[in-house]
Amino acid sequence: MRTTALDTWIDTIRDTFVALDVAAEPTHFTGTVHTRQFAHLMAADVAATSQTFRRTPRLTNLHPRELMQIGMVVAGEGQLIQDGRTCTLGPGDFALYESSRPFTWNLHPEWHLRVFTWPRAAVSLTESQSQELTARTVRSTSTVGQLLSPMLSSLLAADGEVSSGGAIGLAGGLADLAITAAQEECCQPEDPDAGVRDLYVNMVRYIGQHLDDPDLSPTNIARAFFVSTRTVHRVFARFDATAAATIREHRLEACRQAMVAPRNTPRSLTDIATQFGFADLSVFSRAFTATYGTSPSRYREQHR
């Protein structure tokens with residue numbers, strides 16, 4: 001399923017997973033969901049633009065569902081909050097969470113997530129054990145992550161069907177491996193880069209939320225986070241990026257999406273570029289061509 005209608009998206013997400021509060025920008029929204037069933041395991045491929053999903057205490061009471069879930073980031077960046085912990089995930093990383101307790105997912109800019117869902121009753125964990133394992137990042141580079149991450153990645157892409165007995169074994173085996181991975185993470189020392197990583201994720205999110213601000217810059221980001229501009233540069237450098245390049249990349253992507261959205265057909269390229277911080281159309285055109293390999297006008301014509 002693919003949609004550009006936020007209301008349709010919210011209904012689809014709630015029907016596919018659990019009741020959630022969904023916060024996203026409706027003007028530039030697009031999202032896709034694809035699911036596949038393996039006995040009692042549902043695997044879902046989800047991709048969309050920046051948004052936040054919240055399973056609030058009110059929703060857990062009004063719409064109770066007891067599921068164990070794993071979220072694995074394929075593209076973009078994710079932040080999962082549950083049981084008093086916050087973990088940050090990049091491509092290939094995954095974390096465990098439960099639908100019976102409140103949680104929050106923050107995902108951006110254009111993100112791709114694979115979600116694996118089991119009935120809670122099918123998982124042999126006590127509630128206290130579960131609360132120790134949720135919202136802990138299992139890195140794709142960790143020992144267990146190197147084994148499990150590729151397996152989870154390929155599950156939805158596998159050709160053919162699995163026998164009913166094989167699907168049951170696969171579902172149970174993956175649940176056990178996921179729990180083992182989270183338990184291994186619990187035994188590891190605290191990530192010394194966690195604070196810097198969280199700051200980076202929050203700064204990138206801030207950029208995505210302020211693309212229409214013509215004054216968006218490393219200096220303004222520093223002011224918003226009460227740090228020095230030098231700290232902003234150091235945080236982005238830690239992840240082989242720069243704040244200026246990240247701002248430009250996000251602005252170009254927002255322009256690209258707006259250019260091909262049917263609702264924006266009457267709008268000029270100048271209008272769209274200006275909306276996302278490009279005051280000079282020639283600067284926008286050069287940057288767009290360098291990034292996407294064709295001019296904005298030609299790209300728009302090809303994708304109408």
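Hey, can you tell me all the residues within the stretch 2-13 that are part of a helix (DSSP H, G or I), surrounded by fewer than 16 Cβ atoms within 10 Å (Cβ to Cβ) and not β-branched (Val, Ile, Thr)? Once the filter is applied, which keeps residues that are part of a helix (DSSP H, G or I), surrounded by fewer than 16 Cβ atoms within 10 Å (Cβ to Cβ) and not β-branched (Val, Ile, Thr), the stretch 2-13 yields Asp7, Asp11.
In the stretch 71-91 there is at least one residue matching the filter, namely being part of a strand (DSSP E or B), within 17 Å of Leu133 (Cα to Cα), among the polar types (S, T, N, Q) and touching a Phe, Trp or Tyr at 6+ places or on another chain (Cβ under 6 Å).
When you go through Arg58, Arg54, Arg65 one by one, which is the residue that is of a type in the set (Lys, Arg), out of contact with any Leu (no Cβ under 6 Å at 6 or more places or on another chain), open to solvent by 10 Å² or more (accessible area, probe 1.4 Å) and in a helix (DSSP H, G or I)? Going through Arg58, Arg54, Arg65 in turn, the sole match is Arg58. Taken over the stretch 250-263, the residue count meeting the criterion of being surrounded by 14 or more Cβ atoms within 10 Å (Cβ to Cβ) and more than 22 Å from the chain's Cα centre (by Cα) is 2. Within the stretch 225-234, the residues that satisfy the criterion of being hydrophobic (A, V, I, L, M, F, W, C) and either out of contact with any helix residue (DSSP H, G or I) (no Cβ under 9 Å at 6 or more places or on another chain) or surrounded by fewer than 20 Cβ atoms within 10 Å (Cβ to Cβ) (or both) are Phe225, Phe226, Val227. Looking only at the stretch 292-301, decide whether some residue is part of a helix (DSSP H, G or I) and either touching a residue at least 60 places away in the same chain (Cβ under 8 Å) or in contact with a Gly (Cβ under 8 Å, 6 or more places away or on another chain) (or both). No, the stretch 292-301 contains no residue that is part of a helix (DSSP H, G or I) and either touching a residue at least 60 places away in the same chain (Cβ under 8 Å) or in contact with a Gly (Cβ under 8 Å, 6 or more places away or on another chain) (or both).
Across the stretch 119-173, the number of residues qualifying as of a type in the set (A, V, I, L, M), modelled with pLDDT of 80 or more and either out of contact with any strand residue (DSSP E or B) (no Cβ under 9 Å at 6 or more places or on another chain) or not in a helix (DSSP H, G or I) (or both) comes to 6. Of the set (1) open to solvent by less than 20 Å² (accessible area, probe 1.4 Å); (2) outside any helix (DSSP H, G or I); (3) small (Gly, Ala, Ser), all apply to Ala279 but (1).
Let's see how each residue does on (1) in a helix (DSSP H, G or I); (2) of a type in the set (A, V, I, L, M); (3) under 24 Å from Gln275 (Cβ atoms); (4) open to solvent by 40 Å² or more (accessible area, probe 1.4 Å):
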site: Tyr200; (1), (2), (3), (4): yes, no, no, no
site: Val204; (1), (2), (3), (4): yes, yes, yes, no
site: Ile207; (1), (2), (3), (4): yes, yes, yes, no
site: Arg223; (1), (2), (3), (4): yes, no, yes, yes
site: Phe236; (1), (2), (3), (4): yes, no, no, no
site: Arg248; (1), (2), (3), (4): yes, no, yes, yes
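Considering Ala273, Ala287, the condition of being modelled with pLDDT of 90 or more, out of contact with any Cys (no Cβ under 9 Å at 6 or more places or on another chain) and open to solvent by less than 30 Å² (accessible area, probe 1.4 Å) is satisfied by Ala287 alone. Within the option set Thr137, Thr126, Thr141, being in contact with a Leu (Cβ under 6 Å, 6 or more places away or on another chain) and of a type in the set (S, T, N, Q) holds for one residue only, Thr137. When we screen Ser128, Ser99 for residues that are of a type in the set (S, T, N, Q) and surrounded by 22 or more Cβ atoms within 10 Å (Cβ to Cβ), the only hit is Ser99. Return yes or no: is Gly165 over 30 Å from Pro26 (Cβ atoms) and open to solvent by 40 Å² or more (accessible area, probe 1.4 Å)? Yes: the conditions hold for Gly165.
The values are calculated or read from the model by the stated rules, or taken from the named source; none is laboratory data. Since the structure is predicted, the reported quantities are computational estimates derived from the model, not experimental observations. Positions of Cβ are backbone-derived with ideal geometry, glycine not excepted, and every protein chain shown enters the neighbour counts. Surface accessibility is based on the protein's heavy atoms, side chains included, excluding ligands, DNA and RNA. Shrake-Rupley method; radii C 1.70, N 1.55, O 1.52, S 1.80 Å.
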